[in-house]
Amino acid sequence: MSIIIDKSTKLAVSGLTGREGSFHGLRNKAYGTDLVAGVTPGKGGQDVEGTPVFDTIKEAVEEAGANTSMIFVPARFAAPAIDEAIESGVETVIAITEGIPVLDMLSTYWKAREAGVRLIGPNCPGVLSPGKANVGIIPAQFFDPGPIGVVSKSGTLTYQIGNELKQAGTGNSSIVGIGGDPIVGSDFIDILKLYEADPDTELIVMVGEIGGDAEERAAEFIAAEVTKPVVAYIAGFTAPPGKQMGHAGAIISGSSGTAAAKKEALEAKGVRVGESPTETAAIAVEVLRSL
Amino acid sequence: MDLLEYQGKQLFAKHGIAVPSGEVAATVEDAVAAAERIGYPCAIKAQVLIGGRGKAGGVKIAKDRAEAEQFAGDIIGMDIVGPHGEGPFRVDSVWVEGGSDIAEEYYASIILDRGEKKLLAMVSRQGGMDIEAVAAESPEALVKVHIDPTREFDVAAAREIIAAAKLADDALDAAAEVLVKLAEVAREEDATLIEVNPLIVTSDREVVALDAKVTIDGNALFRHQDLAEVADTADDPQEQMAKEKGLTYVKLDGNVGILANGAGLCMSTLDVVAQAGGAPANFLDAGGGSKAEAIVNALEVITSDEKVDAILFNIFGGITRGDEIAKGIVTAAGQIGLELPLVVRLDGTNSEEGLAILAEADLPNLHQEKTMLDAARRVVELAGASS
């Protein structure tokens, strides 16, 4: 098994007629993802290399059976596109678009929760279930199928770690890029829950970075709810201290948001934290072999 | 994007929140002229994007013209270090405003709580002081209430928060109205943080915002033309250059110039260089899908920092293609020369094509390494040797 996407995924890509959308949408299709539709208002009836294009996501659901939506539209139009996907009847929305205003995401986040639709991103590389489906921009050639579930805030850092795991002879059940924006549809905890329930995932690698307190919250959740081993990596130990404007941020999170604070929170809950991507992959392999 | 105090106050005034009237001045002469028009006593306040100005001597009350001249002279051009060692920040201008008759000092803020995915309103009757200390020492004195994203935040809802914070009864309605307007500023101006400390009550029982710390979401500037225009220019020459070229660059203190693709990998590269005993000179995220031209620009920015002794390129291509990176390096070497040692680690999409391009160009000073750790060790060694 895998999480979020697999062989039953039927993908509709909003923005398939655009340059980036067609490049990555067709790349996902070439990987074996069942690309059933493109969506661009005003371009219904056209096709992109044989994939039919609809005016709305709802039509893609009703006429092409789409159950997963990928959003590849420019930032200023992206939140309404995600809202449209949430209301269309798909189960999962994966938003790749970078630069969406955060207050737009605030209302979109709650719409997705109320509708029971799983939202991944925005500003994320997407989801890859090796050997099954790829939705997004993750370069699939660096990942093999295997027992390690990866969840990450960062794209390129995930490729780095995934590639080291592959070179060590192992692979992944799924790789989920949750995105690094302040408001994302699914956070570490949402994805940890899925990996915990996935029989093919034996170990979880969590890749975080400075800012917010998602890693600290995840540490609490791991201690309380996750039985599978978790190995973590945090980037940003040498990042400069951000100019702190007001003090309200530190008050609400109760955490400084630094890499050191996150590492400490995770280690306090028994999660091993690697010093570098290389060491993190090595620890993951070591723990996996000891299972 | 952070706003200076006076820019924040202008935004407050636009939304009907009472603020003291004042003028911004960049010279002592202008500051004194402003003080003369405003009358005494008046406050002369350093305009810098950092807290703790008062303690650093950046806020003074002038009783007469002589004091206005003296304080403006002291403050303009001074360097202010933040409470957590940030900066120093040079003071380029002051805000001169009429003195306020303060009966009560409160605290109010609206902030995006990314954990709860809601706006959070915070109010305290203990304003005018370090609010982090209030939160730590007497948490009951700081009332924190999330704003329901599915409902209108009206005066009735705001009144509950104000009442819970036990503000003076006769200021309750006015303070509730201010809180509603602060939430309106957050929503309509795309502010992710608004902090007013102190929010004062005058002896006439008027509620006035005496300070303003506002952060605007940079992603939303496309719909706020007025704010996009005030977007401050960077102080640092490399940061300014990077901004003009559309690169994400942060200056650091070391001598190892760094470029990586993706913020996460770039941060990780800084960490690994530091672990290898080196000191990064900068953070530079070339972004996804970088083309050759972006690489030329990035190298120009990095090499314009005289402290840099060696450079590391750490690329793991996803959307970014290794051949584009290699072409950029070769082009840059031709255009601006490559006098410093450059360590390149190229992996991922089209990395073989990229490595072939670099091998053919056979540039002097170019060193290739296969892994991130080896590349970090090598660049630290080279940076040490060339300084």
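Derivation of every value follows stated rules applied to the coordinates shown; laboratory data play no part. Only a predicted model underlies this, so the values are computations on that prediction, with no experimental measurement involved. Here the Cβ is made from the backbone with ideal geometry for all residues, glycine too, and neighbour counts use every protein chain on show.
Points worth noting:
- Under 21 Å from A:K228, Cα to Cα: lysines that are on another chain or at least 8 residues apart: A:K153, A:K166, A:K193, A:K262, A:K263, A:K269
- Long pairs among A:K7/A:K43; A:K43/A:K111; A:K10/A:K58, criterion Cα-Cα beyond 18 Å: A:K7/A:K43; A:K43/A:K111
- Phi to ³J(HN,Hα) by Karplus 6.51 cos²θ - 1.76 cosθ + 1.60 over the range A:160-170, Hz, x for Gly, Pro: 4, 5, x, 5, 5, 5, 5, 5, 7, x, 10
- Estimated 222 nm signal from helices in chain A, with DSSP H stretches of n ≥ 4 weighted -39500 (n - 2.57), rounded to 500: -12000 deg cm²/dmol
- Spatial separation of Cα centroids for the range A:252-291 and the range B:164-178, in angstrom: 46 Å
- Net charge contributed by nearby residues that have their C-beta within less than 13 Å of A:A112 (K/R +1, D/E -1): -4
- The calculated 222 nm mean residue ellipticity attributable to helices in chain B amounts to -11500 deg cm²/dmol, summing -39500 (n - 2.57) over DSSP H runs of n ≥ 4 and dividing by all residues.
- Rounded to whole Hz, the Karplus (6.51, -1.76, 1.60) HN-Hα couplings of the range A:25-40, x for glycine and proline: x, 6, 5, 4, 5, 4, 6, x, 5, 7, 7, 9, 7, x, 10, 8
- Between amide H atoms placed 1.01 Å from N, distances below 5 Å from A:T238 occur with B:D271, all of them 5 or more places distant or on a separate chain.
- Near A:K10, the amide H atoms lying under 5 Å from its own belong to A:N67, A:T68; only residues 5 or more places off or on other chains count, and H is placed 1.01 Å from N.
- When you restrict to C-alpha pairs under 8 Å that are six or more residues apart and normalise by the size of the range B:166-303, the relative contact order lands at 17 percent.
- By the rule of a C-alpha distance below 28 Å, with chain neighbours fewer than 8 residues away ignored, the lysines paired with B:K9 are A:K243, B:K45, B:K55, B:K60, B:K63, B:K117, B:K118, B:K144, B:K166, B:K181, B:K213, B:K243.
- Amide H within-cut-off set for A:I210, under 5 Å, with H built and near neighbours excluded: A:A235
- Summary of the geometry: the range B:70-100 and the range A:1-45, compared by the centres of their Cα atoms, lie 54 Å apart.
- Separation in nanometres of the label points that stand 7 Å from Cα toward Cβ, at B:A141 and A:F77: 5.3 nm
- Remark: the range B:85-102, residue by residue, has Karplus-estimated 3J(HN,Hα) of x, 6, x, x, 10, 6, 8, 9, 8, 10, 10, 9, 9, x, x, 10, 9, 9 Hz, where x stands for each Gly or Pro and the curve is 6.51 cos²θ - 1.76 cosθ + 1.60 at θ = phi - 60°.
- Acute angle (nearest 10 degrees) that the helix B:5-14 long axis makes with the longest principal axis of chain B, alpha-carbon atoms: 60 degrees
- Residue among A:L165, A:L16, A:L103 with the largest mean-square fluctuation in a Gaussian network model of chain A, springs linking Cα atoms under 10 Å: A:L103
- Simple label model, 7 Å out from Cα along Cβ direction - B:E306 to B:R65, nm: 4.4 nm
- Centroid-to-centroid, using Cα positions, the range B:1-69 and the range A:49-116 are 46 Å apart.
- For the range A:1-137, the gyration tensor built on C-alpha atoms gives a rounded shape. Its axis ratio a/c (a ≥ b ≥ c) stays under 1.5.
- Furthest towards positive pole of dipole, B:G384, A:P145, B:I162, structure part the protein assembly as shown, Cβ charges: A:P145
- Placing a pseudo-label 7 Å from each Cα along the Cα-to-Cβ vector at B:T331 and B:D374 gives an inter-label distance of 2.9 nm.
- Virtual paramagnetic centre 7 Å along Cα→Cβ of B:E132, amide N under 13 Å, in the range B:27-68: B:51-53
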